[in-house]
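Written out below as structure tokens is the structure these notes cover.
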Amino acid sequence: MYGNILPTDIALAAPNTDPVKLAEFDARIARGEKIEPGDWMPDEYRKQLIRMISQHAHSEVVGMLPEGAWITRAPNLRQKLVLLAKVQDEGGHGQYLYHAAETLGATREEMVEDLLTGKAKYASVFNYPTLTWADIGMIGWLVDGAAIKNQTMLAHCSYGPYSRAMVRICAEESFHNKQGKEMVYRYALGTPKQKAMAQDALNRWWWPTLMMFGPHDADSPNTPQLVRWGIKTKSNDELRQEFVDETAPELHAVGLAVPDPELCYDEAAGHWKFGEINWDEFWRVVKGDGPCNKERLATRRKAHDDGRWVREALAAYAARSS
Ligand code: 3HC
């Protein structure tokens, strides 16, 4: 039950296409008002949000896997504690976002089923392997940095529960980003072997990070509607450019080389120009054929199966208590 609506109410209601209500809704968006769960909203608005928020939640939970693999191999107790805290945060972000999607009438069972069957997407970046400990620092700096860029925008999203979830999540992501930067600084300014590890990690994570912002705006079928309804307030390419403008000089400052021969600063434009993303690789990974897609889903499916007894025990307890 979310406010005064049940998921089944939504499923049974007539399609929300009333032109008067749609005009009122557009006016609310134009005034910068927050839309709340019990408010009238176009079906497409609801569908877009369920799609985006549930995939965001999947990304957080699957995103625990590449880093989680290094918890038992952290070089010291302090680094283990920091990584443990980070991975736990990501799991909590996933729960936050699944709840936000549930306020729109989606059920947890449906969303998880869509992930486990491969129907739903999650961020392609998490389908790459973490080969050395330096990857953990580079993920914190780049991947969480890109997530902050995107999520800071989403904190202004027109849908109340999503924008409020972003405020809490961005606060924790900034800790993830700072701990990653600290690690990479230490390696990049450390021994030649440590610097080589940091550079190797940058070489492997730079382009998958740029892919996190999605396809070019011209190839982004969802962006026009998301911008119209104030769900996105910046486009994929805008956010990607902001990220490169901020991150490239910081990486250079610690003596690391961005793996892009076309990267150069355009004084006239006031931006860093960069090369073209390998869109064949992007779509191959998005469609399930990346280096770790199968492994990630197999791990999620096993975790879901292993947790069946807990779900059944909770359901039995709830039935007996009602
Ligand atoms: N990985 C996987 N799928 C992607 C993708 C990516 N990097 N970029 C785009 N896609 C998919 C979209 O989901 C869409 O497919 P769908 O219609 O079947 O859902 C299709 O490619 C076309 O892309 P669009 O640009 O039209 O889609 P969007 O407008 O939704 O833009 C997005 C994609 C930028 C990822 C947007 O959905 C978004 O901002 N989502 C919310 C934020 C999010 O999910 N971030 C993921 C990272 S979470 C994270 O990093 C955790 C942190 O703790 C480290």
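Just to verify a result, which residue in the range 100-147, among those that are aliphatic (A, V, I, L, M) and surrounded by fewer than 21 Cβ atoms within 10 Å (Cβ to Cβ), is nearest to SER158 (Cα to Cα)? Give the derivation first.
In the first step, residues of the range 100-147 are kept if they are aliphatic (A, V, I, L, M); the result is 100-101, 104, 106, 111-112, 115-116, 120, 123, 125, 131, 134, 136, 138-139, 142-143, 146-147.
Now restrict to residues that are surrounded by fewer than 21 Cβ atoms within 10 Å (Cβ to Cβ): 112, 116, 120, 131.
Values: VAL112: 25, LEU116: 29, ALA120: 23, LEU131: 39 Å.
Across the range 100-147, the extreme among qualifying residues is ALA120.
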For the range 184-215 the number of residues that are in contact (Cβ under 8 Å) with a residue 60 or more places away in the chain and over 18 Å from SER59 (Cβ atoms) is 13
Within the range 310-322, work out how many residues are surrounded by fewer than 10 Cβ atoms within 10 Å (Cβ to Cβ) and under 29 Å from the mean Cα position of the chain (by Cα). 1
Give the residues of the range 224-259 that are within 24 Å of ARG186 (Cβ to Cβ) and either small (Gly, Ala, Ser) or not in a helix (DSSP H, G or I) (or both), sorted by residue number. ALA248, ALA253, VAL254, GLY255, LEU256, ALA257, VAL258, PRO259
Would you pick out the residues in the range 177-214 that are outside any helix (DSSP H, G or I) and either touching a Phe, Trp or Tyr at 6+ places or on another chain (Cβ under 9 Å) or within 12 Å of the ligand (Cβ to nearest atom) (or both)? MET212, PHE213, GLY214
Regarding ARG51, is this residue more than 14 Å from the ligand (Cβ to nearest atom) and either over 14 Å from LYS232 (Cα atoms) or surrounded by 11 or more Cβ atoms within 10 Å (Cβ to Cβ) (or both)? no
When you look at PRO221, is it part of a loop (DSSP other than H, G, I, E, B), within 15 Å of the ligand (Cβ to nearest atom) and surrounded by fewer than 15 Cβ atoms within 10 Å (Cβ to Cβ), yes or no? yes
Residue in the range 192-217 that is surrounded by the fewest Cβ atoms within 10 Å (Cβ to Cβ), counting only those that are among the charged types (D, E, K, R) and closer than 22 Å to ASP280 by Cβ: ASP217
Filter the range 265-280 for residues that are surrounded by 12 or more Cβ atoms within 10 Å (Cβ to Cβ) and free of Cβ contacts under 8 Å to residues at least 40 places away in the same chain; the one that is nearest to the ligand (Cβ to nearest atom) is GLY275
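Would you mind finding the one in LYS294, LYS234, LYS287 that is within 16 Å of the ligand (Cβ to nearest atom), surrounded by 15 or more Cβ atoms within 10 Å (Cβ to Cβ) and either of a type outside the set (S, T, N, Q) or free of Cβ contacts under 8 Å to residues at least 40 places away in the same chain (or both)?
The match here is LYS234.
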Per the list (1) in contact with a strand residue (DSSP E or B) (Cβ under 9 Å, 6 or more places away or on another chain); (2) away from the ligand (no atom under 12 Å from the Cβ), residue check on TRP133 breaks on (1)
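Values in this text are rule-based calculations from the coordinates and carry no lab data. Here the structure is a predicted model, which means the values were calculated and not measured. Cβ atoms come from the backbone with ideal geometry, glycine included; neighbour counts cover every protein chain shown.
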